Amino acid sequence: MQNQENGRIQSIVDLFFTEEIIKVDASCPFVLSSGAKAPIYLDHRRAFTSPKLRKLLVQAWADELEMKFKPLNIRPQNVVCVGTATAGIAPAMALAVHWDAPFLYVRQKPKGHGLQQMVEGAFDPGRPHLVVDDMLTTGQSLLKTVEILKQLDTRIVCATTVTSHGLRPAHRKFESLNLPCVSLLQTQQILSVAQDMGLISQADLRTVMSWIENLSTASDSID
């Protein structure tokens, strides 16, 4: 079973690089939406446009989440998959389709026309809700969505992302809410596997991990 799981992770990591979902370039850092510069970039939107990679990701991700649901006696088909706008919409929809479960998404601010609502989709707050985003860095998008849903007395059982940089302050925020936050893959795990497969150099691995540690330390000081 462990060998099978390792093989699945290797297949995902291989596609991350061959389909250019993940790029590492220490010499020419990528500018993030925050304006910060990073030696690594993950294009999750591109991941969900690839049928082969999407299938692998969603199956592995669903298996991980189902283990969290089991002790709660929650059937995946009954879970409402809630996407953050806009990065979490495709991942949440992919999980919903996999489980034949309900889907909706939450805006970061009310729509300026029509019903001016925050929640888009058929909404039943009493059902178990899974809040979905693509990447966990600071967790702000997920936390904003959780806050909006809590104001509507929504039953939230878990937050989840495809990948996570593993920053300590982000995880502490979810712990303070007593809300599990599950990520399928950690950046360190992805890059360690990639280095073993010869997809990146050891020097690039060290550069990215140093950047993540520095980012985590800086976040610690302002958390």
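Coordinate-derived values only; no laboratory data. Predicted model, so just to flag it, every value in this text is computed and none were measured. Ideal geometry is used to build each Cβ from the backbone, glycine not excepted, and the neighbour counts take in all protein chains shown.
Screening the chain for whole DSSP H helices with an alpha carbon extent of at least 18 angstrom along the helix axis and a mean Kyte-Doolittle hydropathy of at least -1.0 yields 2-18, 51-69, 202-222. Based on alpha-carbon atoms, the Kirkwood radius and the radius of gyration of segment 2-212 give Rg/Rh equal to 0.97. Close amide H contacts of residue 182 (hydrogens built in the peptide plane, cut-off under 5 Å, sequence separation of 5 or more or a different chain): 159, 160, 161. With all pairs of separate Cα atoms included, segment 151-223 yields a Kirkwood hydrodynamic radius of 14.0 Å.
Which shape class, rounded, prolate or oblate, goes with segment 126-181 when its Cα gyration tensor gives a ≥ b ≥ c as root eigenvalues, a/c under 1.5 marks rounded, and past that a/b bigger than b/c marks prolate? Prolate, because a/c is 1.5 or more and a/b exceeds b/c. What 222 nm value per residue comes from the helices of the chain, counting each DSSP H run with n ≥ 4 as -39,500 (n - 2.57) and dividing by all residues, nearest 500 deg cm²/dmol? Result for the chain: -14500 deg cm²/dmol, rounded to the nearest 500.
All other residues whose Cβ lies under 13 angstrom from that of residue 54 are scored, Lys and Arg at +1 and Asp and Glu at -1, for a net of +2.
Taking a 29 Å limit on the Cα-Cα distance, which of the listed pairs 68/150; 55/109; 37/68; 23/52; 52/150 fall beyond it? Pairs exceeding 29 Å: 55/109; 37/68; 52/150.
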